[in-house]
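**Q** Below: one structure in structure tokens.
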Amino acid sequence: MKFLRDQVDKLKPTFSEGGKLSFLHSTFDAFETFLFVPNHTTKSGSHIRDGIDLKRTMFIVVIAMIPALLFGMWNVGHQQSLALTGANGNLLDNFWVGLLQTLPIIIVSYAVGLGIEMGFAQFRGHPVNEGFLVTGLLIPLCMPPDVPLWMVGLATAFAVVIGKEVFGGTGMNLLNPALTARMFLYIGYPSSMSGDTVWAALPDGATTVEGYSGATALGNLASATSSGTGWSNELLAGGSIMPAFWGNIQGSIGETSVVAILIGAVILVASGVGSWKIMASTFLGGLFMGWIFNISGSSGAWMDIPAFYHLIIGGFAFGAVFMATDPVSAAQTEKGKWVYGFLIGVITVLIRVFNPGYPEGIMMAVLLMNVFAPLIDYYVVQSNIKTRLKRVQA
Amino acid sequence: MGINVKIKRGMDIALEGEPHTDVLSVDAPATYAIKPTDFKGLVPKLQVKQGDEVKAGDVLFVDKGNDRIQFTSPVSGEVAEIVRGDRRAVLEVKILADSEIQYASFETANYTSKSREEIKSLMLDAGLWPFIVQRPFGTLADTTISPKAIHVSGFDSSPLSADLNVTLKGEEEYLKVGFEVLNMLTDGKVHLNIHNKKGNEVYSKVSGVEINTFDGPHPSGLVGVQINKIDPINKGDIVWTIKPQHVAFLGKFFATGNLNLEQTIVVAGSEIQKPAYYTARIGACVNTLLENNLKQDNVRVISGNVLTGKQIEKDGYLGFRDNQLSVIPEGDQYEMLGWLFPTYPRPTLSSSLPISKFLKKTFKVNTNPHGEPRAYVVTGQYEKVMPMDIMPQQLIKAVMAKDLELMESLGIFEVLEEDMALCEFVCTSKIEVQKVLSQGLELMVEES
């Protein structure tokens with residue numbers, strides 16, 4: 001440690017004001033504080049501070065995403081094997097194939113995002129904020145495995161610049177940056193983001209085995225609804241809900257396995273980093289709306305699917321656990337969090353059922369509620385103000 | 001009959017270096033100082049110059065805004081030095097103390113038959129008035145009004161704080177007199193708020209006050225929290241608060257006619273060799289308390305507690321309203337990957353540090369902030385340590401935006417810096433909550 005510290009101290013003047021590389025000050029600072037918690041001491045107010053900081057908070061979110069990431073890597077290989085041979089490959093081969101497919105996406109996301117963040121930090125004279133550590137991994141996890149790398153780079157740049165930095169950087173953004181990236185591609189390049197062909201990453205020129213279908217449950221349900229076919233388990237991959245629960249189905253890299261996502265949820269809730277209120281209310285909202293459709297009397301595949309299936313298929317769980325809980329773009333008041341999450345669940349199911357153009361609703365729902373979160377907070381704050389005013393009158 | 005409140009949101013921070021209950025004595029220090037910076041909004045007007053002889057109770061300086069408010073010498077002796085800072089602002093008035101204290105005498109006999117104005121005049125002349133803190137904004141008390149109520153927190157819940165049953169032992173009679181005097185200052189109620197799990201025997205003789213009981217962790221002992229629960233401050237209300245040890249000073253003054261500001265204080269913290277109670281006067285130099293009593297040299301000496309106190313030098317002076325000296329190590333060391341793998345336990349509210357949160361009971365805490373300042377990201381944290389019906393993060397943001405109207409409607413009248421010190425402690429983004437709030441309070445004072 002002493003040796004490393006000495007090396008850092010030697011380099012420091014070069015990057016400090018007046019040094020040759022002082023234009024990289026923020027970047028150097030980011031790496032230095034990553035390696036060493038600074039030797040600063042408190043200057044005003046409380047002399048002692050909690051052991052938690054933003055680095056640790058963000059890192060815990062990254063850890064919480066690891067199960068979904070590892071599973072996703074395996075599943076990318078698994079899906080390729082199914083598409084090419086129709087058979088299950090072995091575990092390590094699948095993981096290796098998935099790793100080769102996924103790692104470049106992650107590298108592009110982090111390189112582009114962190115590059116822009118550091119540039120902005122330098123330009124503004126701010127320290128580099130840790131928020132992108134999370135965003136940089138969320139973006140790959142919500143991409144289809146076959147996504148072209150240039151799209152990942154473009155979307156990340158869009159999300160960081162338009163989604164975050166124009167608002168003033170981490171802590172100031174209105175929308176969830178990772179979903180902003182996904183939304184950008186979804187609208188700009190829809191054929192690469194949805195449909196039946198994007199969910200398995202295949203080598204160039206490879207053809208799929210006969211009888212292979214790349215359709216997801218959400219796609220099946222949407223077309224069944226528009227063609228008037230009723231609900232049956234056959235619409236789900238594998239003919240039952242269990243594959244969707246375990247996750248060996250087609251979908252975006254990190255969204256398929258509800259089990260892996262729930263492990264992440266447990267990490268987030270146990271560490272107190274993710275809001276259990278938002279997660280719980282999002283699931284409740286989805287369940288509630290699904291149940292309303294169940295008892296509404298109208299028939300159709302989306303109407304009759306058991307309500308709790310909504311929470312398992314598609315990206316619902318991933319969105320509820322990792323996207324809705326972003327503390328910056330979510331409601332910030334404790335009461336507001338209940339309303340915010342509940343409405344995300346409700347709107348997700350509404351979009352799924354009523355809008356065949358968008359098979360998945362969670363992305364839209366989270367972004368929509370991101371926009372409304374300040375309004376929800378406004379009313380919660382107003383109620384606090386009103387109780388105070390009432391006290392004066394009494 | 002008062003009310004009974006259980007405080008749920010908050011946290012006790014258990015630190016190493018809890019005091020023994022023995023009351024030790026050390027040599028009285030050579031010098032004492034009264035610091036105008038201990039009082040919010042005070043512009044001092046000096047009444048003495050270097051070399052003047054004063055008795056205990058003689059005036060040193062007055063408030064320029066209201067020269068009835070006098071600040072008097074806690075000891076007799078010679079004005080040794082007037083320490084000035086930027087723009088010649090007076091920082092300290094130092095007194096070289098006599099070995100035998102000479103007291104100025106005041107006519108306090110038959111105080112019960114005196115009028116409110118006469119009581120006030122005596123308190124003002126003796127320099128007891130500045131012990132009263134006025135809310136909103138924590139200023140010196142207005143000498144022309146009768147407050148809506150006077151609140152006294154009968155216990156201290158902050159880290160390493162004094163057990164008042166030790167520090168006020170033997171002062172029961174003076175406390176009784178002190179509360180009688182307080183009752184003469186207001187048409188409203190005098191509230192004495194006690195903790196129902198701590199002993200309250202020192203208040204056994206007190207009568208004529210409303211006794212409210214509190215339960216639960218820090219900040220249950222903060223008078224601001226108690227006022228919020230008992231009878232919150234609305235726009236236009238003015239309430240006064242005073243600490244029990246100062247009520248005892250009041251009582252002693254009216255019972256004896258002398259300004260005797262000797263009290264029992266606590267000297268504690270992990271870097272103190274003999275954490276215990278000591279006798280000291282208001283404004284005492286802390287050098288004799290710390291001599292041969294420190295475990296090492298790289299320490300922070302705090303007059304007050306670790307959450308709200310002021311940093312002083314090793315030969316600095318106790319703050320005017322403080323009865324506590326905390327000494328903790330400085331945290332000026334690098335910690336490799338400390339954010340990921342903390343190398344020693346540290347107090348925390350976060351379950352993301354499970355060893356510190358769930359296994360460790362007391363902490364050797366230092367002054368490292370354990371992270372760098374960031375914009376607000378995490379929400380819902382302040383609420384866990386804010387038992388008042390106030391939205392803390394929204395209030396701080398309103399102050400940052402200098403939105404006076406919003407500050408007012410979010411309840412800035414009800415809080416002082418100390419009430420939000422725990423918010424500052426738990427903040428992931430290391431926002432300087434007390435400093436920000438302080439700016440907001442100043443802004444409100446200017447505007448009103």
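The values are calculated or read from the model by the stated rules, or taken from the named source; none is laboratory data. What you see is a predicted model; the values in this text were computed from it and never measured. For neighbour counting, all protein chains shown are included, and Cβ atoms are generated from backbone atoms with ideal geometry for every residue, glycine included. The accessibility values were calculated without ligands, DNA or RNA, using every heavy atom of the protein model including side chains. Shrake-Rupley method; radii C 1.70, N 1.55, O 1.52, S 1.80 Å.
**Q** Cα axis of helix A:54-85 to longest principal axis of chain A: angle in degrees, 0 to 90, nearest 10?
**A** 30 degrees
**Q** Ranked from the most accessible area to the least, with a 1.4 Å probe and all protein chains present, what is the order of B:D332, A:D53, B:D52? Write down the numbers at each step before the final one.
**A** Numbers: B:D332 65, A:D53 5, B:D52 45 Å².
Most to least solvent-accessible, the answer reads B:D332, B:D52, A:D53.
**Q** Pop out the ³J(HN,Hα) list for segment B:158-163 in order, Karplus 6.51 cos²θ - 1.76 cosθ + 1.60 with θ = phi - 60°, rounded to Hz; leave Gly and Pro as x.
**A** Running phi through 6.51 cos²θ - 1.76 cosθ + 1.60 with θ = phi - 60° gives 6, x, 6, 6, 6, 7 Hz.
**Q** At 222 nm, what helix-only mean residue ellipticity would chain A give, in deg cm²/dmol to the nearest 500, using -39500 (n - 2.57) for each DSSP H run of four or more?
**A** Numbers: 16 runs with 238 residues, N = 394.
About -19500 deg cm²/dmol.
**Q** Another question about this same structure. Calculate how steeply helix A:276-295 sits against the longest principal axis of the alpha-carbon atoms of chain A, using the helix alpha-carbon long axis, and give the answer as 0 to 90 degrees to the nearest 10.
**A** Value to nearest ten degrees: 20.
**Q** In debye to the nearest 20, how big a dipole does chain B give about its Cα centre with +1 on each Lys and Arg Cβ and -1 on each Asp and Glu Cβ?
**A** Values: 47 positive and 59 negative charges, 196 e Å.
Computed about the Cα centre, the dipole is about 940 debye.
**Q** Could you tell me what percent of the DSSP beta bridges with both partners in the protein assembly as shown are antiparallel, to the nearest 5? List each step's numbers first, then the result.
**A** Numbers: 44 of 67 bridges.
If we restrict to bridges inside the protein assembly as shown, about 65 percent are antiparallel.
**Q** Which of the aspartates and glutamates could a cross-linker bridge to A:K10, judged by Cα under 18 Å and excluding same-chain residues fewer than eight apart?
**A** Once the sequence-local aspartates and glutamates are set aside, what remains near A:K10 is A:D29, A:E32, B:E335.
**Q** Another question about this same structure. Rounded to the nearest 100 Å², what's the accessible area chains A and B bury against each other, both chains counted, probe 1.4 Å? Could the numbers behind the result be given before it?
**A** Details: alone 19280 and 19910 Å², together 33580 Å².
Buried area (both sides, nearest 100 Å²): 5600 Å².
**Q** Got a sec to turn the phi values of segment A:137-153 into Karplus ³J(HN,Hα) couplings, 6.51 cos²θ - 1.76 cosθ + 1.60 with θ = phi - 60°, whole Hz, x for Gly and Pro?
**A** With coefficients 6.51, -1.76 and 1.60, one gets 9, 5, 4, x, 5, 9, 9, x, x, 8, 5, x, 5, 4, 5, 4, x Hz.
**Q** Would you please give the residues with an amide H less than 5 Å from that of B:V23, counting only those at least 5 places away or on a separate chain, with H modeled from the backbone geometry?
**A** Correct list: empty.
**Q** Sticking with this structure for a sec: For segment A:1-24, which residues drop by 50 square angstrom or more in accessible area between the chain on its own and all protein chains together (1.4 Å probe)?
**A** Listed in order, they are A:M1.
**Q** Helix-derived [θ] at 222 nm for chain B: sum -39500 (n - 2.57) over DSSP H runs of at least 4, divide by residue count, nearest 500?
**A** Working: 10 runs with 90 residues, N = 448.
Result for chain B, helices only: -5500 deg cm²/dmol.
**Q** I need the calculated FRET efficiency for the pair B:Q50 and B:K314, taking r as the beta carbon distance and R₀ as 35 Å, to the nearest 0.05. Could you put the intermediate results ahead of the total?
**A** Working: r = 24 Å, r/R0 = 0.69.
My answer for the efficiency is 0.90.
**Q** Would you mind getting me the FRET efficiency between B:S99 and A:K386? Use the beta-carbon distance for r and R0 = 45 Å, nearest 0.05.
**A** Values: r = 62 Å, r/R0 = 1.38.
Using R0 = 45 Å, I get an efficiency of 0.10.
**Q** At a 1.4 Å probe radius, carbon and sulfur cover how many percent of the accessible area of segment B:381-447? Don't skip to the end; give the middle numbers.
**A** Details: 1050 of 2130 Å².
Answer for segment B:381-447 is 49 percent, counting heavy atoms of protein chains only.
**Q** Identify all lysines with a Cα-Cα distance to B:K45 below 18 Å; exclude those on the same chain that are fewer than 8 residues away in sequence.
**A** Qualifying lysines at Cα under 18 Å: B:K35, B:K64, B:K94.
**Q** Give the range of the longest stretch in chain A that excludes all GluC sites (Glu not before Pro) found in loop regions by DSSP and having at most 11 other beta-carbon atoms within 10 Å.
**A** Details: sites that count: A:E17, A:E210.
With a cap of 11 other Cβ atoms within 10 Å, the longest stretch comes to A:18-209.
**Q** Among A:L311, A:G230, A:G131, flag the residue with its Cα farthest along the positive direction of the charge dipole of the protein assembly as shown, charges on Cβ as +1 for Lys/Arg and -1 for Asp/Glu.
**A** Going by the charge dipole, the pick is A:G230.
**Q** Same structure again: Along the charge dipole of segment B:381-447, which of B:M388, B:C423, B:M407 sits closest to the positive end, that is, farthest toward it, with unit charges on the beta carbon of Lys, Arg, Asp and Glu (+1, +1, -1, -1)?
**A** So the residue furthest toward the plus end is B:C423.
**Q** For B:K430, go through the aspartates and glutamates and keep the ones whose alpha-carbon is under 12 Å away, minus same-chain ones fewer than eight residues off.
**A** Partners within reach: A:D50, A:D53, B:E372.
**Q** Quick check for me: using +1 on Lys/Arg Cβ and -1 on Asp/Glu Cβ, what's the dipole size of the protein assembly as shown about its Cα centre, in debye to the nearest 20? Provide the component values of the computation, followed by the final result.
**A** On the way: 67 positive and 81 negative charges, 144 e Å.
In total the dipole reaches around 700 debye.
**Q** Residue farthest toward the positive end of the dipole of chain B, with Cβ of Lys/Arg at +1 and Asp/Glu at -1: which of B:L437, B:P329, B:Y376?
**A** B:Y376
**Q** Oh, and also: Which residues, if any, in segment A:329-354 lose at least 40 square angstrom of accessible heavy-atom surface (probe 1.4 Å) when the other protein chains sit next to their chain rather than the chain being alone?
**A** Correct list: A:Q332, A:E334.
**Q** For A:L375, A:L235, what's the largest-to-smallest order of accessible area, 1.4 Å probe?
**A** Details: A:L375 85, A:L235 25 Å².
Descending accessible area places them as A:L375, A:L235.
**Q** Sticking with this structure for a sec: How would B:L222, A:L185 rank on accessible area, largest to smallest, probe 1.4 Å? Could you put the intermediate results ahead of the total?
**A** Values: B:L222 20, A:L185 0 Å².
Putting B:L222, A:L185 in descending order of accessible area: B:L222, A:L185.
**Q** Between their Cα atoms, which of B:K169/B:K205; B:K169/B:K252; B:K229/B:K402; B:K6/B:K169; B:K49/B:K310 are more than 20 Å away from each other? Let's see the in-between values first.
**A** Working: B:K169/B:K205 12 Å; B:K169/B:K252 14 Å; B:K229/B:K402 27 Å; B:K6/B:K169 27 Å; B:K49/B:K310 27 Å.
Listed pairs above 20 Å: B:K229/B:K402; B:K6/B:K169; B:K49/B:K310.
**Q** Just flag the GluC sites (Glu not before Pro) in segment B:384-422 sitting in loop per DSSP whose Cβ has no more than 14 other Cβ atoms within 10 Å. Don't skip to the answer; put the middle values down first.
**A** Numbers: sites: B:E405, B:E408, B:E414, B:E417, B:E418; in loops: none.
For GluC sites (Glu not before Pro) across segment B:384-422 that sit outside H, G, I, E and B with at most 14 neighbouring Cβ atoms in 10 Å, the list is empty.
**Q** While we're here: Give, rounded to the nearest 20 debye, the magnitude of the charge dipole that segment B:381-447 has about its Cα centre when Lys and Arg contribute +1 at Cβ and Asp and Glu contribute -1 at Cβ.
**A** Charge dipole, segment B:381-447, about its Cα centre: 380 debye, nearest 20.
**Q** Here is a further query. Which percent, nearest 5, of DSSP beta bridges in chain B are antiparallel? Working shown, then result.
**A** On the way: 42 of 65 bridges.
For chain B, the DSSP antiparallel bridge percentage is about 65.
**Q** Between B:F214 and residues 5 or more places away or on another chain, which pairs have amide H atoms under 5 Å apart, with H built 1.01 Å from N, and which residues are they?
**A** Those lying under 5 Å, H to H, from B:F214 are B:V5, B:I194, B:H195, B:N196.
**Q** Round to the nearest 10 and give me the degree value, 0 to 90, for the angle of helix A:258-270's Cα axis relative to the longest principal axis of chain A.
**A** Computed tilt is about 30 degrees.
**Q** Which pairs, out of A:K335/B:K384; A:K43/B:K40; A:K2/B:K357; B:K40/B:K235; B:K295/B:K435, put more than 22 Å between their alpha-carbon atoms? Intermediate values should be presented prior to the final figure.
**A** On the way: A:K335/B:K384 14 Å; A:K43/B:K40 19 Å; A:K2/B:K357 29 Å; B:K40/B:K235 20 Å; B:K295/B:K435 31 Å.
Cα-Cα > 22 Å for A:K2/B:K357; B:K295/B:K435; rest within.
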